[in-house]
Amino acid sequence: MMKFPEKPSKGEKFIASSGAGFKWNGEAWDLDSSDSSIAPGSYARVSASVEEVKEFLRSDEIETVFLLSDLPITGSLKVFLNGMLQKENYDYGVDRAKITFSYDIYPGSDIQCIYGRQTYVSVVNESPVEEPDGENDSYTLRNDPNVGTEQVFLNGMLQKLNYDYRIAGRKIVFNFSPPKGSVIICNYKF
């Protein structure tokens, strides 16, 4: 597994051997690619923790379809057959974690796949889908936060889990209805 530089400078770029590009934002490696499968959308900032994976696939019979153990980041997959780089959409196609070759792969062939794998995504300064109206106490995030990673701010004040709010999947449910015009901001990992 390839390692990213340990003490990067803000703005430093890193190109993995798979060809995927990354940029250090001072806290995490951001994907530096317009093909990224992680689109920032309306988030203030989305950062991904990414690691490079080298995976070897083998077959005991003639096959054309192989499954990777994880989902590669879009555009990061490089496939080598017996040491030769294969061309996507010519030698093989990829659908999520499934690789389908255009021809038979015989037993004993060496298939090496190198790709970027997302380990988590940090979302900073996301506003829930709903606007506070003084009556609603339930608000929806765009993703399911990993347990214990969320920070919920109401009008700039950090709220306490189970005291001010509870969370179930994408739903933040306050123990009260935030006043109309309130600002709800959430940070979390998923």
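We did not get these values from a lab; they are worked out from the coordinates using the rules stated. Keep in mind the model is a prediction, meaning the values are calculated, not measured. Methodologically, a virtual Cβ is constructed for each residue, glycine included, from the backbone with ideal geometry; neighbour enumeration extends over all protein chains shown.
Check cross-link reach from K98 to the lysines: straight Cα distance under 23 Å, and skip same-chain residues fewer than eight apart. Answer for K98, where 23 Å is the Cα cut-off: K54, K78, K87, listed by chain and number.
Between F176 and E131, the simple label model (points 7 Å from Cα in the Cβ direction) yields a spacing of 2.3 nm.
Of the GluC sites (Glu not before Pro) found in the stretch 104-165, those that fall in a DSSP loop while having at most 10 other beta-carbon atoms within 10 Å are E135.
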